[in-house]
Amino acid sequence: VRKVAGAYRVNLALQYLSESLIVFGTSVAISIALIYTTFPLLKDFLQLDFELSLLSSRHFWLLLFIVWLMGGILSGFYPALVLTSMKPTLVLKGNFKNTSGNQWLRKSLVVFQVALSLGLAVSVLIISQQIGHMRGRNLGVRKDNVLVVHGPKVKDESYLSNLETFKRTVESIPTVEHMSTVSSLVGEVTGAGRDFGIENGVSQFLRIIRVEDDFDKVMELPTVAGTTFSREMIA
């Protein structure tokens, strides 16, 4: 109708592109709002304590602006190109017919959108199952009801005696089942380790965690072979 009234093709193209940018920008704003509102639920679901620091980065907002600009232009480019190329006299007379090329392109876009939606749905399902698998898998160590107390980073000559006093004090608490000391927590990367020789002269570097007796009881570690650590054992 605007073209019949004398609107130029450039003005119509700018209108389509502007509408596409507005719709795409609204979608981005809604997505950011949903991320902020559902982030606490995600932390509770994953049982992890982490912050959403990405949104405070200038590089992120610059990348988001580029994505919004390119996405809005690309999504509005096809309607602006096709609709503005139609001849209004033929359309109003009913003589306008879609060419086979236009129909093939539209069908391809529809198939692509449906495939993309199905791919996103399957990805969400797989991620949900993987998270459930990680949360429910038996790691071979006890995580519940284990209290971790970090020791001082600077140690002097009184450290060992103070540590023994602290251990006896904690072990005297009725609700404490076992207590032990460890150089680093299970799962953390430690720099201590050594090479162990295996067959054919090939060595394997294994990381070492220094522990005391009762560590296997604290973490409920099963003993595959041999005996566990004991204070009666002589090094």
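The values are calculated or read from the model by the stated rules, or taken from the named source; none is laboratory data. Since we're looking at a predicted model, the values are computed, not measured. For neighbour counting, all protein chains shown are included, and Cβ atoms are generated from backbone atoms with ideal geometry for every residue, glycine included. Surface areas here come from the heavy atoms of the whole protein model, side chains and all, with no ligands, DNA or RNA. Shrake-Rupley method; radii C 1.70, N 1.55, O 1.52, S 1.80 Å.
Structure above, values below:
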item	result
Residues of segment 202-226 that turn out to be within 25 Å of residue 148 (Cα to Cα) and either assigned to a loop (DSSP other than H, G, I, E, B) or hydroxyl-bearing (Ser, Thr, Tyr) (or both), as a count	10
Scan of segment 148-162 for residues that are over 34 Å from the mean Cα position of the chain (by Cα), part of a loop (DSSP other than H, G, I, E, B) and either surrounded by fewer than 11 Cβ atoms within 10 Å (Cβ to Cβ) or at pLDDT 85 or above (or both), ordered by number	154, 156, 157, 158
Which numbered condition residue 167 fails, given (1) of a type in the set (D, E, K, R); (2) modelled with pLDDT of 80 or more; (3) open to solvent by 70 Å² or more (accessible area, probe 1.4 Å)	(3)
Tabulated pairs, segment 144-160, first within 26 Å of residue 221 (Cβ to Cβ) and of a type in the set (Val, Ile, Thr), second open to solvent by less than 90 Å² (accessible area, probe 1.4 Å) and not in a loop (DSSP other than H, G, I, E, B), C-beta under 7 angstrom, 6+ apart or interchain	146/218
Check on residue 165, over 30 Å from the mean Cα position of the chain (by Cα) and not in a helix (DSSP H, G or I)	no
Residue match in segment 178-201 (condition: within 14 Å of residue 142 (Cβ to Cβ), part of a strand (DSSP E or B) and open to solvent by less than 80 Å² (accessible area, probe 1.4 Å))	yes
